[in-house]
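Contents: one structure, followed by commentary.
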Amino acid sequence: MAEEHAFVLAVEKLLSLDIPKRAKWIRVMFAEIPRILNHIVNVTALELDCGALTPAYEDMRKCRI
């Protein structure tokens, strides 16, 4: 998503387009979603590396039931 965002910003700047404030907010939200997910994955991987396997197994078991 970040590459597309940068491309669109460059095109808009070249064409001198004025974008509505709502569209800018929506873009920021969609740009932040992958960042949030990356942080969640990194923290989860760190916990698993430290030996926190029990909560992961419990969650998988809950999903199967």
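Each value in this text was obtained by applying a stated rule to the coordinates, not by laboratory testing. From a predicted model like this one, the values you see are computed outputs, not experimental measurements. Quick reminder, even Gly has a Cβ in these numbers, built from the backbone with ideal geometry, and neighbours come from all protein chains shown.
Miscellaneous remarks
- The phi torsions of region 16-23, fed into the Karplus equation with coefficients 6.51, -1.76 and 1.60 and a -60° offset, translate into couplings of 6, 8, 9, 9, x, 4, 4, 5 Hz, rounded to whole numbers, with Gly and Pro shown as x.
- Anisotropy class of the chain from Cα gyration tensor, a/c 1.5 cut: prolate
- With K and R counted +1 and D and E -1, the other residues having a Cβ less than 13 Å from that of residue 41 yield a net charge of -1.
- Net charge dipole, region 1-48: roughly 240 debye, given to the nearest 20, about the Cα centre with Cβ charges of +1 for Lys and Arg and -1 for Asp and Glu.
- The slack in the chain from residue 6 to residue 47, taken as 0.36 nm per residue of separation less the alpha-carbon distance, amounts to 11.5 nm.
- Options 23, 63, 43, ranked by Cα towards positive dipole end of the chain, top entry (Cβ charges): 23
- With helices as the sole contributors, the chain gives -28500 deg cm²/dmol at 222 nm; each DSSP H run of n ≥ 4 counts as -39500 (n - 2.57), and the sum is divided by every residue.
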